[in-house]
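Below is one structure; the comments refer to it alone.
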Number of protein chains: 2
Amino acid sequence: MPNRRPRPERAYEPKEIDGLDRRILAELQVDARLSLAELGRRVNLSAPAVADRIQRLEETGVITGYHAAVDPSTVGFPVTVLVRINPAVRELPRIAKLAEETPEIVECYRITGDDCLYFIAHLRAVEHLEPILDRFAPYGRTTTSLVHAATVPRRPLPLGAPDRPDRPDRPEAE
Amino acid sequence: MPNRRPRPERAYEPKEIDGLDRRILAELQVDARLSLAELGRRVNLSAPAVADRIQRLEETGVITGYHAAVDPSTVGFPVTVLVRINPAVRELPRIAKLAEETPEIVECYRITGDDCLYFIAHLRAVEHLEPILDRFAPYGRTTTSLVHAATVPRRPLPLGAPDRPDRPDRPEAE
DNA sequence: AGTGAAAAACTTCCACT
DNA sequence: AGTGGAAGTTTTTCACT
């Protein structure tokens, strides 16, 4: 037998995710507030079994959280911008820190290409854009786009239709 | 009295969102699975009162859903791309439709600027990028970036700290 | 708009398979 | 890994403020 060291620590165990897990994930991506009982009914499993699986999915880093989606325009942030940044040499860490410290910025990613960073920010008014851009200006060149309508609103990963049973159905109680 | 027609239909009523609502929203953005009972404890309100407010927030379009966040890399989508598109004249609707029909695309927005559309897609392999780009090629010029680490992972809107009481606390039971 | 109390539903724990 | 049953919570409804 080959000398197998214990598996290196990693964020999530490489345990197989089966069709049942995928169906549970598909359901929870659409409605995170589904009860374990209801989930169990949908995937044909008892509530404790669903609870077990969900716990495992959480512990292995597959599910990273449960979040209410709030429409920014309804809570005073009618303006959304996407800003790309072409950083001056060696200034990327400073830019990342600035982004982190700016509460209006709700996500920020490193990307490949000339502009190697971009963020999304929600603003109370277009006028609030300038001061934000000004803070970044010393460290890079910014390109700003106003975000209009969502052509495809955020939607779940294509995990396969949540309707293919992995085991035969149990007989229905009527 | 001026002739007031019934209020035009809109996605959400312009009812005031007070500090209590903001605190509830702040909590639910962080953990959508909090129980009404626990929320009530945190904002110092009874469970039925919290349920009422949440229902109103849902009905008025402030809360648009509750979603489990799934780490794409743990479910077989290790590659994330951001694609900007500069559409050929009059082809934007076709591009939007293509985006809608491509399950790997999890969001797509219209933006200002030369490239007036962008989308985010999660892929099972870089090789899957080409066929997708090829579908868009006839209708516009695409610019693709690979998305690396999240500098700022998606986080809640800055709705104000969820710890400022709007009413005096009730006496604690001990 | 919010409360407390009762009924229904849900989550959790556990012994068993 | 999953089940069914018991115990503890939570959600929901409702009369009252």
Where residues in the stretch A:86-97 are out of contact with any helix residue (DSSP H, G or I) (no Cβ under 6 Å at 6 or more places or on another chain) and among the aliphatic types (A, V, I, L, M), which of them is surrounded by the most Cβ atoms within 10 Å (Cβ to Cβ)?
A:A96
Could you check, for the stretch B:46-68, whether at least one of its residues is at the interface with chain A (Cβ under 9 Å from one of its Cβ atoms), assigned to a helix (DSSP H, G or I), more than 16 Å from DNA strand C (Cβ to nearest atom) and surrounded by fewer than 16 Cβ atoms within 10 Å (Cβ to Cβ)?
no
One residue from A:R90, A:R170, A:R135 being at negative phi, of a type in the set (K, R) and at pLDDT 95 or above:
A:R135
Which count do you get for residues in the stretch A:33-84 that are closer than 28 Å to B:D21 by Cα and not charged (D, E, K, R)?
22
What number of residues in the stretch A:103-140 are within 12 Å of another protein chain (Cβ to nearest Cβ), exposed (fewer than 14 other Cβ atoms within 10 Å of the Cβ) and charged (D, E, K, R)?
1
Would you confirm whether or not the stretch A:79-95 contains a residue that is closer than 26 Å to A:P153 by Cβ and in a loop (DSSP other than H, G, I, E, B)?
no
Lone qualifier among A:R23, A:R94 - being in contact with a strand residue (DSSP E or B) (Cβ under 9 Å, 6 or more places away or on another chain) and either of a type in the set (D, E, K, R) or within 16 Å of DNA strand C (Cβ to nearest atom) (or both):
A:R94
Residue tally, condition farther than 18 Å from B:Y66 by Cα, free of Cβ contacts under 8 Å to residues at least 60 places away in the same chain and either within 8 Å of DNA strand C (Cβ to nearest atom) or part of a helix (DSSP H, G or I) (or both), over the stretch A:28-45
2
If you scan the stretch A:69-121, which residues turn out to be touching a Leu at 6+ places or on another chain (Cβ under 8 Å) and among the β-branched types (V, I, T)?
A:V70, A:V75, A:V79, A:T80, A:V81, A:V83, A:I85, A:I95, A:V106, A:I111, A:T112, A:I120
Only one of B:R41, B:R84 is under 24 Å from the mean Cα position of the chain (by Cα) and at pLDDT 95 or above. Can you tell me which?
B:R84
Filtering the stretch B:50-85 down to residues that are in contact with a helix residue (DSSP H, G or I) (Cβ under 7 Å, 6 or more places away or on another chain) and within 16 Å of DNA strand D (Cβ to nearest atom), which residue is nearest to A:D71 (Cα to Cα)?
B:I63
Taking the stretch B:112-141, which residues are without any contact (Cβ under 8 Å) to a residue 12 or more places away in the chain and either under 23 Å from A:H122 (Cβ atoms) or not in a helix (DSSP H, G or I) (or both)?
B:T112, B:G113
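The values are calculated or read from the model by the stated rules, or taken from the named source; none is laboratory data. Treat the numbers as computed from the prediction; the structure is a model and nothing was measured. Using ideal geometry, Cβ is built from the backbone for each residue, glycine included, and neighbour counts are taken over all protein chains shown.
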